[in-house]
1. Pairs please, first residue from the range 95-123 and among the hydroxyl-bearing types (Ser, Thr, Tyr), second anywhere and in a helix (DSSP H, G or I) and open to solvent by less than 40 Å² (accessible area, probe 1.4 Å), Cβ atoms under 7 Å, 6+ apart in sequence or on different chains.
2. Taking Phe197 as the residue in question, decide whether it is modelled with pLDDT under 95 and among the hydrophobic types (A, V, I, L, M, F, W, C).
3. What tally of residues in the range 172-191 results from selecting those that are modelled with pLDDT of 95 or more and charged (D, E, K, R)?
4. Restricting to the range 211-243, name every residue that is among the small types (Gly, Ala, Ser) and surrounded by fewer than 17 Cβ atoms within 10 Å (Cβ to Cβ).
5. Which members of the range 118-147 meet the condition of being assigned to a strand (DSSP E or B), under 18 Å from Asp161 (Cβ atoms) and in contact with a helix residue (DSSP H, G or I) (Cβ under 6 Å, 6 or more places away or on another chain)?
6. Would you pick out the residues in the range 214-243 that are among the small types (Gly, Ala, Ser) and in contact with a strand residue (DSSP E or B) (Cβ under 9 Å, 6 or more places away or on another chain)?
7. Looking for whichever is in contact with a His (Cβ under 9 Å, 6 or more places away or on another chain), farther than 30 Å from His42 by Cα and aliphatic (A, V, I, L, M) here; the options are Val113, Val128. Which one fits?
8. Please count how many residues of the range 1-47 are open to solvent by 50 Å² or more (accessible area, probe 1.4 Å) and assigned to a helix (DSSP H, G or I).
Amino acid sequence: MALRFGVIGHKGRMGQALEVAIAEAGHALCVGVDAGGSIGPHAAQCDVLVDFSAPDALAANLGAAKVAGKPIVVGTTGLEEPHFVMLAEAARAIPVLQSGNFSLGVTLMAHLVREAAARLGPEWDIEVLEMHHRMKVDAPSGTAKLLGEAAAKGRGIILSDNMESGRHGMTGKRAEGAIGFATLRGGTVAGEHSVIFAGSEERLTLSHSAENRMIFARGAVRAAEWLTGQSAGRYTMEDVLGL
């Protein structure tokens with residue numbers, strides 16, 4: 001069934017890619033809004049909302065989705081704990097799917113990272129390495145955090161309590177059980193992510209390379225298709241793939 005999409009952040013890189021992916025999948029763009037605009041007056045006309053805007057717009061966008069009773073897919077990066085509280089609150093009223101990455105490959109990679117972290121002992125050090133284009137404004141990336149969270153879940157620990165990033169100077173030895181993050185920025189890289197499990201005299205690396213941001217747009221469209229018709233609740237890309 002063809003869906004009518006409301007895209008928030010329509011003129012951004014992901015918004016433009018989404019417009020192409022929506023048409024590819026046989027759906028329609030109901031409305032596109034950007035900074036200075038509001039999805040509120042248009043939400044009722046759409047079947048599903050997709051938000052790739054800015055963290056400070058999340059509260060208003062979730063509020064508009066709740067008032068209209070519409071499912072919302074959130075791909076905005078740079079979210080912090082208060083934003084996740086907002087997402088959980090909105091999910092009591094409407095279907096909400098949030099992810100730091102909509103690539104199907106990354107979704108499966110996160111699943112594998114969790115499995116590896118659960119099966120390898122704490123003596124295996126975990127490091128998350130990512131690289132993006134020079135214009136990216138947040139670090140570590142949402143995908144890096146997603147992978148770090150997967151590793152933490154596999155180990156049964158809380159990522160925020162065991163995260164090491166931005167190492168500089170005399171940091172001392174690596175903390176036992178830490179999950180490290182390293183960030184690279186430059187050029188036009190769409191996204192490179194690796195999770196390294198470093199054991200004694202052996203190393204396991206799980207990697208994903210994004211060659212074009214259209215993979216994220218197509219994944220977001222697939223997520224929106226799946227989310228439409230679901231009951232109120234908080235969902236992830238793993239739910240979309242049935243993992």
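The values are calculated or read from the model by the stated rules, or taken from the named source; none is laboratory data. Predicted, not measured: the structure shown is a model, and the values here were computed from it. Positions of Cβ are generated from backbone atoms using ideal geometry, with glycine treated the same way; all protein chains shown enter the neighbour counts. To get the accessible areas, we keep the full protein, side chains included, count just its heavy atoms, and leave off ligands, DNA and RNA. Shrake-Rupley method; radii C 1.70, N 1.55, O 1.52, S 1.80 Å.
1. Ser99/Met237; Ser103/Phe216; Ser103/Gly219; Thr107/Met237; Thr107/Glu238
2. Numbers: modelled with pLDDT under 95: no; among the hydrophobic types (A, V, I, L, M, F, W, C): yes.
So Phe197 does not fit the description; no.
3. 1
4. Of the range 211-243, the ones among the small types (Gly, Ala, Ser) are 217, 219-220, 223-224, 229, 231-233, 242.
Of everything in the range 211-243, those that are among the small types (Gly, Ala, Ser) and surrounded by fewer than 17 Cβ atoms within 10 Å (Cβ to Cβ) turn out to be Gly229, Ser231, Ala232, Gly233, Gly242.
5. Initially, the range 118-147 is screened for residues assigned to a strand (DSSP E or B), giving 125-132.
Still in the running and under 18 Å from Asp161 (Cβ atoms): 125-128.
Ile126, Val128, listed by residue number.
6. The first filter runs over the range 214-243 and keeps only residues among the small types (Gly, Ala, Ser), leaving 217, 219-220, 223-224, 229, 231-233, 242.
Listed by number, the residues that qualify are Ala220, Ala223, Ala224, Gly229, Ser231, Ala232, Gly233.
7. Details: Val113 fails: in contact with a His (Cβ under 9 Å, 6 or more places away or on another chain).
Going through Val113, Val128 in turn, the sole match is Val128.
8. Count: 10.
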